[in-house]
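Nothing in this text is a laboratory measurement; each read-out follows from the coordinates by a stated rule. Since the structure is predicted, the reported quantities are computational estimates derived from the model, not experimental observations. Counting neighbours? That spans all protein chains shown, and the Cβs are built from the backbone with ideal geometry, glycine included.
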């Protein structure tokens with residue numbers, strides 16, 4: 001009969017394999033973050049170039065495109081270096097499927113660049129194309145956050161994903177506000193969009209704040225200089241409260257763009273730190289788990305003795321079964337009494353391991369709840385799009401209106417929509 | 001640049017690998033079910049043997065132990081045949097850790113058998129030992145149900161796990177009721193235990209009914225013969241409503257035991273069918289996904305042409321992004337418009353795949369909700385055990401009382417306990 005210890009060792013090896021994959025994922029996340037940042041700049045410069053009827057920003061835009069091509073090359077090598085043997089099961093299926101989608105977008109990017117210059121697309125249309133491409137890249141990171149099984153790493157990935165998403169929304173706000181000021185006239189639809197972007201941005205940064213380490217929270221606080229924030233909030237107020245059609249100061253377009261750009265660059269600094277911390281976290285967990293494995297493996301040599309001792313051992317039936325740990329103690333598996341002592345019986349090891357995995361699962365559920373909110377909102381949006389034939393933006397706006405009118409959170413509205421889905425007519429196919 | 005198609009194929013291979021593992025898991029579940037059934041009989045015969053002061057049932061018990069040893073051998077070969085390479089990541093860690101615990105129990109079983117006969121343990125103590133061993137084996141099946149990522153298979157595993165759990169509770173009810181009748185006198189604590197067992201049993205069978213296929217629901221309905229059910233409910237009423245200390249008809253001990261035994265045997269029939277259907281389901285999904293993979297692989301040969309066509313293709317930026325499907329349509333991935341046509345563009349394939357995986361995730365969340373209820377209750381129980389120094393049974397009873405007094409469901413009480421955990425004092429270590 002194989003002993004419990006053999007399966008304990010197999011379990012440890014699974015954890016190590018997971019952590020190694022996470023370490024590789026963090027390199028991918030890093031490369032994706034840099035490409036996304038580059039594409040955000042390219043989007044901004046494209047808008048300026050298009051707004052100048054192709055008379056300005058040509059050189060800066062071309063330089064940026066070259067930078068993006070280098071960054072894209074780095075992302076592609078990460079993709080190429082990925083382990084695509086079918087070892088990740090359905091987690092892998094979801095991640096690979098997101099990557100497949102992102103790759104289709106990257107493949108179409110050169111064609112996009114040619115077309116929007118040749119056909120002189122307007123800024124909103126160009127912005128929408130870049131938004132979609134970046135969303136496809138961010139979805140890869142979302143999937144990585146959703147599949148990590150180590151709760152501390154998952155917390156960190158959730159903070160990182162939400163921060164990156166918040167940064168992207170800031171980029172979209174920059175484009176929308178810039179275009180409004182440049183047009184010299186307030187427009188109700190763009191104002192609505194702006195309000196939506198500000199609200200979603202704040203939600204993302206709240207989630208970041210909830211899950212980030214105290215050091216990163218402080219870094220982010222420090223990055224938001226009060227004098228800059230005050231100036232920006234003033235411009236936001238002007239943009240959002242002007243009557244439809246009222247004049248706006250065109251001069252502020254550049255001021256707004258520069259203020260938002262310096263904010264986005266500051267965010268990139270925080271993002272880089274998040275990515276570095278992620279890698280460090282993976283490596284430190286890997287070290288801990290590897291030393292636990294070594295200890296288990298050395299135990300297996302002594303096992304014949306242990307087995308002999310156990311022949312008349314009823315402790316399985318006498319000790320308390322591996323009861324779930326109390327909540328909260330799971331934050332630090334090492335603190336949860338997991339100091340490895342070679343003289344403990346295998347049963348105690350088995351029970352510790354079960355307790356620890358259960359605690360991890362519990363902590364993970366908490367972290368995932370924030371990801372599930374996002375999924376719920378996305379699903380409700382998809383439902384509205386299918387049943388009411390709305391665009392993604394219209395669906396989002398409809399839900400935001402419902403939430404405001406009912407003084408509810410967006411996720412509650414989404415939940416309510418999903419739970420009433422059965423009474424909606426089937427969408428035509 | 002690798003194409004999206006390469007990652008689509010990798011995603012399909014992950015799905016196939018998952019389904020193959022599930023097919024192997026279903027063989028394990030089958031073997032575990034037979035061993036559990038054998039141990040349930042051994043527990044019953046042990047009680048009869050102990051109750052007769054070792055004067056009766058010796059032969060039947062020894063035969064049963066021999067049967068159990070054969071069944072145990074089959075389970076052990078399934079464990080030995082398991083793929084323990086660290087490919088299952090944290091899912092694997094949890095499953096292997098449960099197996100390690102179950103193996104410790106099986107290793108201690110011969111010692112248990114010797115001791116309880118030599119020391120003439122009383123029936124409750126012997127029952128408790130078998131209950132713990134069987135719980136360890138059932139936990140392996142719970143873990144398998146919790147890690148399956150295909151929603152239809154997961155539904156089926158949830159139905160199966162709950163049915164097996166319900167059968168085990170029926171076995172415990174048989175033992176408790178039998179002992180009460182045999183004692184010839186009602187006893188309040190045993191009556192409370194009986195009520196708890198009946199309630200939990202009904203909850204398990206409700207979940208089974210919610211998730212089982214219509215054919216299995218009908219089979220289970222047919223297995224519960226009204227005349228038998230009426231007789232059993234009458235005996236249950238007698239057992240549960242007699243005043244503490246009031247006399248009970250000792251003659252009914254055997255009648256009760258036989259009625260419960262025939263019920264348990266009927267449940268074994270349903271369970272076997274559940275296990276067979278599980279394997280068939282895995283095989284049919286495997287066939288579907290494999291043929292999708294073949295189609296993708298044949299596409300990759302034509303890809304140069306497709307790539308050429310795509311060179312100026314902006315459909316990535318023009319088609320709707322892969323929006324989540326509307327709820328409900330995910331029950332059958334094939335019905336969700338997934339007929340593979342070779343002439344579709346890769347982008348469409350990518351979008352279909354993303355939609356399908358998202359739908360699966362959504363359906364899976366629904367299925368998992370029922371497993372999460374169980375986990376929530378287990379965690380709250382663990383919390384009470386740690387903070388109030390209660391035994392598992394006392395913790396369960398406390399929660400049941402709270403639920404009854406507040407007219408709430410057990411899971412709501414568990415949730416409330418967990419959410420107030422922060423204000424409880426830390427348990428002593």
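Values as computed for the structure displayed
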| read-out | value |
| --- | --- |
| Principal axis dimensions, largest first and in whole angstrom, of region A:120-209 by Cα | 50, 27, 15 |
| Average projected area [Cα convex hull, region A:95-163], square nanometres | 5.1 |
| Extension gain from residue B:77 to residue B:117, taking 0.36 nm per residue of separation minus the Cα-Cα distance | 11.5 nm |
| Number of partner chain Cβ atoms within 10 Å, mean per residue of A:375-383 | 5 |
| Rounded if a/c under 1.5, otherwise prolate or oblate - chain B, Cα gyration tensor axes | prolate |
| Residues residue B:249 and residue A:412, FRET efficiency given R0 of 45 Å [Cβ-Cβ distance, rounded to 0.05] | 0.20 |
| Position residue A:54, label points 7 Å along Cα→Cβ, spacing to each other copy in nm (shortest first, one decimal) | 10.2 |
| From the C-alpha gyration tensor of region A:167-312, square roots of 5λ in Å | 55, 15, 11 |
| Relative packing of peptides A:190-196, A:371-377 - highest average C-beta neighbours within 10 Å first | A:371-377, A:190-196 |
| Kirkwood Rh and Cα Rg combined as Rg/Rh, region A:184-254 | 1.08 |
| Residue mean of other protein chain beta carbons inside 10 Å, B:132-138 | 2 |
| Pairwise label distance in nanometres, residue A:290 with residue B:240, each label 7 Å out on the Cα-Cβ vector | 5.8 |
| Per-pair calculated FRET efficiency, R0 = 45 Å: residue A:318 and residue A:222 via Cβ, rounded to 0.05 | 0.20 |
| Peptide B:14-20, shielding by other chains (average Cβ, 10 Å cutoff) | 6 |
| Residue A:233/residue A:183 FRET efficiency (R0 30 Å; Cβ-Cβ; nearest 0.05) | 0.90 |
| Ranked B:96, B:208, criterion: other C-beta atoms within 10 Å, fewest first | B:208, B:96 |
| Label distances, nm, residue B:226 versus same residue in remaining copies, Cβ-directed 7 Å point | 8.0 |
| All-pairs alpha carbon distance profile, the protein assembly as shown, 10 Å steps from 0, percent | 2, 11, 20, 23, 18, 12, 8, 4, 2, 0, 0 |
| Cα-based Rg / Dmax (Å) for region A:1-55 | 23.6, 79 |
| C-alpha center-to-center spacing [region A:100-121, region A:179-227] in angstrom | 28 |
| C-alpha center-to-center spacing [region B:270-304, region B:371-418] in angstrom | 41 |
| Copy-to-copy label separations for residue B:245, where each label sits 7 Å from Cα toward Cβ, in nm and ascending | 9.1 |
| Viscosity 0.890 mPa s, 25 °C: Kirkwood-radius Stokes-Einstein D of region A:1-154 over Cα pairs, µm²/s | 140 |
| Likely footprinting exposure, B:154, A:262, fewest C-beta neighbours within 10 Å first | A:262, B:154 |
| Packing-based exposure ordering (other Cβ within 10 Å, fewest first) of B:267, B:404 | B:404, B:267 |
| With eigenvalues of the C-alpha gyration tensor scaled by 5 and rooted, region B:227-286, Å | 38, 11, 9 |
| Net length gained if the chain between residue A:202 and residue A:366 were fully extended (0.36 nm per residue, minus Cα distance) | 57.0 nm |
